Amino acid sequence: MKWIRRVCGVGALLVVCCVVLFLFLPQLNDYQDKGQLHLAGLNSPVTVIRDDSGIAYIHAENIGDLFFAQGFVTAQDRLFQMQMTRMYYEGRLSELAGAKTRDLDIRMRTIGIARMAEKQARILNPALRKQFQRYVDGINAFIKEYPDDLALEFRLAGIKPDLWQVKECLGVLFYMGYSTAANLTTEIVSQMLLGTVGYEKTAMLLPLNINVDDPDDKGVITMPPKENLGLAVPFDPGLLAYAGDRALRVGSNNWAVAPEKSGTGSALLAGDPHLDPRMLPGVWYPAGLICPGIRAVGAQIPGIPGMGVGRTEHIALSATNNYGDMADLYIETVDPENPGHYLEGDHSIAFGHIKERLKIKDKDAPGGFRTEELDIRTTRRGPVVSKVLKGLDNNKVFTLRFAPVESMTPDIGLLDILTAENAQDLSKAMQGLAIACFNWVFADSSGNIGYQASGRIPLRRNGGTFPHVVKDGTDNWQGWIEPDLMPGQINPEKKWVGTCNNKTIDTGFSHYYSSFFAPSFRYARLKELMAAKPGQTPLDMWQYQRDTANIMARRIAPVMAGIFLANGDTKDFGRILADWDFKDDPEKAGPLVFQAIYLHFALAVFEDDLGPQKVLTLLNAWYYWQERLLQFVLAGESLFFDDIRTAGKTETMADLFIRAAHDVRKALSQSLGDNPAQWRWGDLHTLELVNPLFRKGRLRRLFGTGPMPMGGSGETLYRGWYDFDDPYGVTHCASLRFVADMGDDEKLMAVLPGGASERTFHPRQKNLIQDFMAGDVRYWWFSDAAVQAHAKQILSLVPPGGKGHRKQ
C-alpha cells in the first residue's frame, strides 16, 4: 500500500507542477496589455483593445498618435522578430550565430539593402518621413521606457534590441522588394544551361510563360543571338545563394468579384499571400488602425507602418508577386593589364570599393567577438557577386544591378492605402510604389474592382533571360516603363479579376516585362471556380483558398496511368492514378503517387544532361521547367527522354516513367509500407511550425507544432509548396487568409497560421494554428460595436501627466 500512496503522491505532485507551470510560464514572457501606460511622445490618449484572437485594435485621436501606437504595440508583440529581420538584411546575423552565417552576411552586405534604405531615407518627402518617424518613435518608446517587458527571446539569445530609425523601416521594405526580384533565378539557370548543354538545347528548355487569358500567347521566349551571350563563361554556383537569400519572397493568390457576380450584392475580395510561415508566430502582424478619417483592419510586415493587406471603409486589397524583372546580372571583363580595373570595350575603369566590417561571435576572441573587413568591388552596374572566373579570353566577374537603387523617388505610395477613397485612388497610389513588384487586387465600397502592378521595370535593349554581356559603355537600361503603362485594369467585363503569380501581360504589351512567372495551373483553376456559379459568397471565397484541384495532374496523371496499367510491375500505381480525382487531399494516395513519381521522372529526364548537382539547380526552380516538361509529356516525345548515359539504347517517355515508379516504390515502401493504396499524401506532405529559438533538436516539437498533415501542393490554390531537393515538407503556403465583403461593415474573415504574439509560452503565440489548419472561419472585427463586443484586454496609452500609473 505504501508504494501505491507513493505513486499517488508523485502523480499529485506532477499535476501540481503542471498546473503551476501552466499558470506561471505565460507570465514569464508577458507584457502589460491592460490598464494604463504612460508614454512620452504621445499627444493624446490612445486605446488598444485586443480581441479573443489577440488582434490589437488601436483607437487614436490623430494619425500621428495612431502610427506611434502601432509602432509601440507591434514592438510589444513582435520586437524580436523585427530585430531578426533587421539583422538579416543588414548582414549582422554573425553577431548572433557566429561564423555559420558569415557567408550570408557577406552576401547581404554586398547586395546593400541597408545602403539602399539609407539613400531612400535621405530623399523621403517630409510628410511621409513624419509618418514613418512616428511609427519609429513608438518602437523606441517601448524599448526605452519598458525594458522589463522585452520578450524573453532577447535574454535567451543573449542580445539587446537596437533602437530604430526611419531607414530601418525602409530597409524592411527594400528587402521585400529584393525578395520579389525572382527573375534573377531565370538568369542564373539559363546561364548554367548554356554552359552545360549548349545553345541549341538551352533554347529547347527555356521557360514557357503562358497567359491563359490571351489565346495568341504561346509562351515562347526567343533565344538571343549567340553574340549577345556569355557562351564561354563558366557557371559560378555561388550565384545561386543570391537568388536564394529571399526569406520574404512572395507567391500568393488574390481575386475580387464585382457586385453583379457576388451573392451579397457587394464587391468581394480574397487574398492569401504565400510566404514561408514556418517560424512562429508567422510573417504578418494583424491590427486595426482607427482615427478620424481612417478605419483599417488588416495586416502588415512588422517594421513597416500602415497596412499591407486588409480593408478600410473605402477599399480592400491584397497583393501577389507580379514577378516584374527588376534585377539583372552582368558579365564583366577584368582588365588583364590591371586586375583592379574592368573593361567597357577598350576603356579601362577602376573598380569601386565599398568597405564593410563584420562582427562575428567567437568565444575564443577577446570580448567574445572578432571582426572581419570586407572590400566589396563595384562597377557602374552594381556590386561584384561572383568570384573571378576564367574565360576563354579574359577573366570575368558577375555584377548585380537592382532597379530600386536607381528608380527611388521621394514618394512610396504605401501609406496612401489608408486614405484611398476608391479603386482609382488606390490604383494611382500603387503605381507610385517603385520598390516592389506586386499585383495589387482591390475592391471598393462603390462596387469597383481591379488590379494594378507596382514596381519600376527598366526598358532594356536586350531582355533579361540571360546575364547581359558588357561589351562597351552602352547602357542596356534605357529608362523605365511608365507607371500608367504597367499592367492593370478596373471593372473588367467578366466581373471578376484575379492573379496567381501568373503572366498577366498579353502579346500586345510592347516591352520586355519578365521571363519568370508561375505556371498557369492555379490561375486556370481560379477561372473554373469563377465560372462555376453566378452568385459567389464570402464563404465560397474562403473555401476556394483551400481548393486542392490540381490542373497539372489532371493533364499528366492519365498519361502516367496508361503507362503503368500496361506494365505488370506498376499496375497498382496505374489503378491509383486512374481512380484519383486529381485533388491533392491529405488522406488520399493519389497525390503522393503522382507527386513522388513525377519528381523522379523529372530527375530522370534531365540528370543525364546536367549531372547530379546542376540538375537540382534546374529542378529547384519549379517555374522554369514545369510548363516545358508538361509540353514534353503531352507530346509524348522529346530528345531529353533518351538517357545519353546508356549506349546503344534510346529511352522513351514510358521507360523513364517506369523507372521513376520503381525508384519511388523502393524509396517509400521502407517508411510507408508495401501497399501504395495505403499511402497518404498527408503522411509526408506536412507543415511544421517552429519556435525561432528551438528550430532543431529535442525541444523543437515541444515549442513548435511537429509535422501537421496538409493538403494542396505547389500547383493548387491551396498552396503547399515544397523544395524539389527536400520533398515533401511544406516551405511556402498561405501566410494569411482573408476575405472581405465590402457590404459587411462589421467584420472580415481572416486567420493566421500562428498567432499575434511572438513570445514563447504566451497564449497568443500559437492560438490560431488549429483553425488555420482546419479551414475554420475566424473573424477580424471592423465596427466599433463588434470590437467592443469581443474585447478581452483594454490598454490605455496616455501622455505624461495624464491619468494612470507607470508600470513598476
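What to note about this one:
- In this structure the amide hydrogen of Glu344, modeled in the peptide plane, comes within under 5 Å of the amide hydrogens of Ile349, none closer than 5 places in sequence on its chain.
- Whole-Hz couplings from phi, Karplus 6.51/-1.76/1.60, listed for the stretch 777-788; x for Gly and Pro: 7, 10, 10, 9, 8, 10, 7, 4, 5, 5, 4, 4
- Sequence of Asp393, Asp137 from largest to smallest accessible area, 1.4 Å probe: Asp393, Asp137
- q = 0.14, 0.19, 0.21 Å⁻¹, the stretch 474-552: log10 I(q)/I(0) [Debye, one scatterer per Cα]: -0.63, -0.98, -1.12
- Under-5 Å amide H pairs with Leu459, H placed in peptide plane, nonlocal only: Gln478, Gly479, Trp480, Ile481
- Using the average count of surrounding beta-carbon atoms within 10 Å as a protection proxy, the listed peptides 407-419, 769-781, 354-366, 270-282 rank, highest first, as 270-282, 407-419, 769-781, 354-366.
- For the stretch 190-322, accessible area per residue (1.4 Å probe, heavy atoms of protein chains only), Å²: 27 Å²
- Here Arg525 sits with roughly 40 square angstrom of accessible surface, probe radius 1.4 Å.
- Taking only the C-alpha atoms of the stretch 560-626, the Rg (one decimal) and the largest Cα-Cα distance, Dmax (whole number), read 13.9, 37 Å.
- The stretch 494-602 - accessible surface per residue (Å², probe 1.4 Å): 34 Å²
- Protection proxy ranking, peptides 466-479, 644-657, average beta carbon neighbours within 10 Å, highest first: 466-479, 644-657
- Rolling a 1.4 Å probe over the protein heavy atoms of the stretch 402-464, with every protein chain left in place, gives an accessible area that is 40 percent carbon and sulfur.
- Figure note: Leu289, Leu702 ranked by solvent-accessible area, largest first, 1.4 Å probe, ligands and nucleic acids not counted: Leu702, Leu289.
- Using a probe radius of 1.4 angstrom, the carbon and sulfur fraction of the accessible surface of the stretch 51-203 is 53%.
- Descending Cα extents along the principal axes, the stretch 613-684, whole Å: 36, 32, 27
- Mean silhouette area of the stretch 425-474, derived from the convex hull of its C-alpha atoms and averaged over all directions, reads 4.9 nm².
- When peptides 759-766, 336-343 are ranked by their average number of other Cβ atoms within 10 Å per residue, the highest-first order is 759-766, 336-343.
- Built from the Cα atoms of the stretch 303-433, the convex hull projects on average onto 13.7 nm², one quarter of its surface area.
- Protein accessible area in the stretch 516-626, 1.4 Å probe - carbon and sulfur %: 55 percent
- Using a probe of 1.4 angstrom and keeping all protein chains present, the accessible surface of the stretch 668-766 works out to 36 square angstrom per residue.
- Going by accessible surface with a 1.4 Å probe and the largest first, Glu607, Glu118 read Glu118, Glu607.
- For the stretch 204-342, the C-alpha radius of gyration divided by 2.2 N^0.38 Å, with N the number of residues, is 1.57.
- Accessible surface for Glu200 stands near 110 Å², nearest 10, in the context of the full protein assembly shown (1.4 Å probe).
The values are calculated or read from the model by the stated rules, or taken from the named source; none is laboratory data. Everything numeric in this text was worked out from a predicted model, so none of it was measured. Reconstructed Cβ throughout: ideal geometry from the backbone, glycine too, with neighbour counts over all protein chains shown. Ligands, DNA and RNA are excluded from the accessible area calculation, which covers all protein heavy atoms including side chains. Shrake-Rupley method; radii C 1.70, N 1.55, O 1.52, S 1.80 Å.
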